[in-house]
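Step one of this worksheet: look at the structure below.
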Amino acid sequence: MLELNPILVKDLRSRMRGARAYILLTIYLLILAGVTLLLYAAISRDIGSDLNAGRRIGQALFFTIATVALIEVCLITPVLTSGSIAGEKERQTYDLLVASLLTPWQIVWGKLVSALAFALLLITAIVPVMSLAFLFGGVGLAEVLIAIVGLIVTAILYATIGLFWSALLNSSLGATSFAIGTIIALLLGIPFLIVIVSLILGSSVPSDLLDSVWFIYLSRFVAALHPFIALGATASQLAGGGDTFFEVVRTGSTNVVVPSPWVLYTVLSLIFSTLLLAASVRLVQPVQPGADRKKRVRKAVEAG
Amino acid sequence: MTPIVETHDLTRRYGTNLALDHLNLAIPEGAIFGFIGPNGAGKTTTMRILTTLLPPTSGEARVAGVSVTREPRVVRRLVGFMPDFFGVYDNMKSWEYLDFFGRSYGIPAQRRQQLIGELLELVDLAHKRDEPVMSLSRGMKQRLSLARAMMHDPRLLILDEPASGLDPRARIELRELLKELRAMGKTIMISSHILTELAEMCTHIGIIERGKLLAAGEVQEILRTMRPHRIVEIRVVAGAARAEELLRTHPDVLELRREGARAGTEVEEPPLDDETGPHTLLADFAGDEHALGDLLALLIAEGVRISHFAEQFGDLEDIFLHVTKGIV
Ligand SMILES: Nc1ncnc2c1ncn2[C@@H]1O[C@H](COP(=O)(O)OP(=O)(O)OP(=O)(O)O)[C@@H](O)[C@H]1O
Ligand SMILES: [Mg+2]
C-alpha cells in the first residue's frame, strides 16, 4: 500500500484534534452567514415584488459570498502555512525531521497539503450557500465555477507565500508577520499602483500608447496579480455578455484578444506558487548558523 | 574491522571561531563511547556533523565507512540521533509520536505497529502509550526520544547529553537502558561534561577541549596511561615525624602532604606528634610498583608503624582535570 506523506498525516491529526480547527471553521461560517442574512434583509425590503427580484437577490448574494470568502481565504491560508515549518524550528523538532529520511520536498509538500486540506474544507463549506444564489437565478454555472477555481487558486498561492516565509525564518511569529505583510502589500499595493499610474498617464499620454499591444498586455498582467481585481473584472465581463475565456479589447485601429482576467490570474498564480514552492524546498535544510544560511537564502531567492 | 565512526582532520569553523580543529576520532563497533569535554568544546558540533545536520568546513567524517557529506541519506539510515534539546509535539500521543517517525523512516505499517509496542516496552513507557506526549515527565520524554531514535533500528546511536536534567534515579535507569541497547549490538556515542556520569557505563572515552581531541581510547587504557604518577596514602600509627623525614628526602616522592592540607602545600613545621593520634600522609610517588615495595620496606625498617599503605586510584575526574589543565 502506498503510504501517505508522514507530515501530512501528523499535521492533519493534530490540526483536526484540537478545538482550534472547529472554532476557526465556525467563525468563518458565522461571518459568511451573518453577511448573507444582513444582505438578504436589506435587499428584499427594497426590491419588493419586482419580476427580476429573484435574479437580483441571487446576484447580490453570490457576489457578497464570493467576496467575503475570498477575503477570508486570503487571510486564513497564509496563517495556516506560515506557522508550519517555522513552528517545527521553534519547537526544536525540525532537526529531527531533517535528519530523518524525509526529503525536503516531502516536508514542504506535507505542510502545504495539510494547510490546503483545511482551506479546501473552508471553500467546500461555502458551496451550498453559493448554490442557493444559483437557485435564485441571475448567476450562471460558469460564474460559480470560476469563483470556486479562483478561491482554490488563491488558497494555493497564499498558502505557498506563507510556506516560503516559514521555510526562510526561524520563528513562526516572524514568518506570519512577513506573510501577512506580503499579502497586504499585494492586495493594497497593486490597486495603489494602478491608481497612481492612471493618474500620471491620465490625459497627458497620447492614446496610441494606451492602445499599444504591450500596454494592454502589461496592464492586464498587473491587474491579474490581484485576485479581487481579476475576478471582479471577469464578473463584469460575464455580466456584459463577454466570453468566458477571452477578452477582446477594442482599440482605435485593431482588436486585441487577451485571456480573460481569471484565466491570467489562475496561470500566474500557479506559476508563482510553483516558484515559491521550489524556493521553500531549497530552504529546507538543517538549521545552521549565520553565514551559511544567508548564502543559501540568497541562492534560494535567486532561484525563486 | 572498520570503526563505525571515523573522522579525519575534521574541522568546523563558525566564522572565525574554530569549533573543531583537525579532529581524528575512531569508535569501534559495539562500544559505548563517552565524549567528554567542557562547555563549548565541540561535542555537539561533532555530533551534528555525524548526523549530517552540519557540513564540516574541511576534513572527513564517516559512519560505517560511509561519508556523511557524500551519502547523507545512507548515513541517516545508520544513525539514530537524540539532540541535546529536542521538542515534542503537543496534541500527539506517545504512540503517534513514534508512529510519525516510523513513517518518516519509511517503515511499513505492520512492522511499525509491532515496533512501537516493543520500543515502548523497552523504555518502560508501555503504560503511557495513549497519553499525550506533553503530559510526560522530562525523564519519560527523554526515554520516548530514545525510543524514537531507535525506530529505524540504527547501528549507531548518538545521544547528546541525554542525562542532563534527569534526577539520580532517572540517570540510573538511563544507564541500564544503554547497557541493554549495547547488548542488542548497538554502538552508542554519548556526550557529557560530567565525567562521573559516563565513567561507569562507557567502554571507551574521548576527551575533547577547544575542538581538539586530548585523549581517546578504552577507559581502562586511559586510566592507566593518563595517570602520570600515583598518590600513595600512608596511615602512620607511630613514628610519623620520622616517616615524614624519610619521605621528604626520598628521590621518588615528588610531593608530600598531610591529609587535610591543600594540594601543593609542602609539609611545614612543627613535626608531627604521635600523641595527637594516627596521621595520614599523601605521597606523590613517581616510581614503579617495585620502588613502592621498597619504600614500604624502608619505612618499616626505620621503625615506622603503618596501619594503611595504599595507592589511591585516580578516577576519570582526576584525569579529566589533569588532561584539560591549563588549556582553558
Ligand atoms: N551555531 C553556532 N554559531 C556560532 N558558533 C557556534 C555555533 N554552535 C556552536 N558554536 C561554537 O562552537 C564551539 C563548540 O560548540 P559546541 O556546541 O559543539 O560545544 P559543546 O561541546 O557541545 O558544548 P556544551 O557542553 O555547552 O553543549 C563553541 O565555541 C561555540 O561557541
Ligand atoms: Mg553541546
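The values are calculated or read from the model by the stated rules, or taken from the named source; none is laboratory data. Since we're looking at a predicted model, the values are computed, not measured. No Cβ is skipped: glycine too gets one built from the backbone with ideal geometry, and neighbour counts run over all protein chains shown. Surface accessibility is based on the protein's heavy atoms, side chains included, excluding ligands, DNA and RNA. Shrake-Rupley method; radii C 1.70, N 1.55, O 1.52, S 1.80 Å.
What is the ratio of the Cα radius of gyration of the protein assembly as shown to 2.2 N^0.38 Å, where N is its residue count, to two decimals?
Dividing the Cα Rg of the protein assembly as shown by 2.2 N^0.38 Å gives 1.43.
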- Message: Counting only helical runs of four or more DSSP H residues, what would the 222 nm mean residue ellipticity of chain B come to if each run contributes -39,500 (n - 2.57) and the total is spread over all its residues?
- Response: -10000 deg cm²/dmol
- Candidates A:V68, A:V263, A:V197; GNM for chain A (alpha-carbon contacts under 10 Å) flags as most fluctuating A:V197
- Message: What distance in nm separates the two pseudo spin-label positions at A:V222 and B:Q113, each 7 Å out from Cα along the beta-carbon direction?
- Response: 6.1
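Would you mind classifying chain A by shape? Square roots of the alpha carbon gyration tensor eigenvalues, ordered a ≥ b ≥ c; an a/c under 1.5 is rounded, otherwise it is prolate if a/b is larger than b/c and oblate if not. Don't skip to the answer; put the middle values down first.
Working: a/c = 2.41, a/b = 1.37, b/c = 1.76.
Judged from the Cα gyration tensor, chain A comes out oblate (a/c at least 1.5, b/c at or above a/b).
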- A:T93 long-range amide H proximity, modeled H, under 5 Å: B:G87
- Can you give the angle from 0 to 90° between the axis of helix B:289-301 and the longest principal axis of chain B, with both taken from C-alpha atoms, to the nearest 10? 30
- Just the accessible area for A:W262, please: 1.4 Å probe, Å², rounded to the nearest 10? 30
- Task: Starting at the first residue of the range B:159-165, write each ³J(HN,Hα) from the Karplus equation 6.51 cos²θ - 1.76 cosθ + 1.60 with θ = phi - 60°, in whole Hz, x for Gly and Pro.
- Result: 10, 8, 6, x, 8, 5, x
- May I ask you to find the residues of the range B:42-88 that are shielded by at least 40 Å² of accessible area once the whole protein assembly is considered instead of their isolated chain (probe 1.4 Å)? B:R48, B:L53, B:R73, B:R76, B:G87
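State which helices in chain A qualify, where a helix is a whole DSSP H run, it must extend 30 Å or more along its own axis by its Cα atoms, and its mean Kyte-Doolittle hydropathy must be at least 0.5.
On the way: long enough: A:20-47 (40 Å, 1.62); A:53-82 (44 Å, 1.30); A:104-136 (48 Å, 1.85); A:141-168 (41 Å, 2.18); A:172-201 (42 Å, 2.36); A:261-283 (32 Å, 1.65).
Span-like helices, by this rule, are A:20-47, A:53-82, A:104-136, A:141-168, A:172-201, A:261-283.
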- Take the Cα coordinates of chain B, assign each an equal point scatterer, and use the Debye formula without solvent to give log10 I(q)/I(0) at q = 0.06, 0.13 Å⁻¹. -0.31, -0.94
- Item | Principal-axis tilt of helix B:168-183 within chain B, Cα atoms, nearest 10 degrees | 70
- Message: Under 5 Å between amide hydrogens, which residues at least 5 positions from B:A215 or on another chain qualify, with H placed 1.01 Å from N in the peptide plane?
- Response: B:I207
- Message: Nearest 10 degrees is fine. How inclined is helix B:138-150 to the longest principal axis of chain B, computing both from alpha carbons?
- Response: 60
- Ordering A:Y265, A:Y22 by how much accessible area each has at a 1.4 Å probe, largest first, what is the list? A:Y22, A:Y265
- Please calculate the 1.4 Å probe accessible area of A:M16, with all protein chains present, and give it to the nearest 10 Å². 60
- What are the residues whose amide H is under 5 Å from the amide H of A:E247, where those residues sit 5 or more places off or on another chain and H is modelled from the backbone? A:V258, A:S260
- Note on the structure: Asserting the computed 222 nm helical MRE of chain A (DSSP H runs at least 4 long, -39500 (n - 2.57) per run, divided by residue count, to nearest 500) equals -26500 deg cm²/dmol
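Using a 1.4 angstrom probe on the protein heavy atoms only, could you order A:S171, B:S192, A:S236 from most to least accessible area?
Working: A:S171 45, B:S192 5, A:S236 75 Å².
Result of the area sort, largest leading: A:S236, A:S171, B:S192.
Among the listed pairs A:K10/A:K89; B:K93/B:K141; B:K93/B:K179; B:K43/B:K212; B:K43/B:K141; B:K128/B:K179, which are separated by more than 19 Å between their Cα atoms? Don't skip to the answer; put the middle values down first.
Values: A:K10/A:K89 16 Å; B:K93/B:K141 12 Å; B:K93/B:K179 27 Å; B:K43/B:K212 10 Å; B:K43/B:K141 22 Å; B:K128/B:K179 23 Å.
Over 19 Å apart, Cα to Cα: B:K93/B:K179; B:K43/B:K141; B:K128/B:K179.
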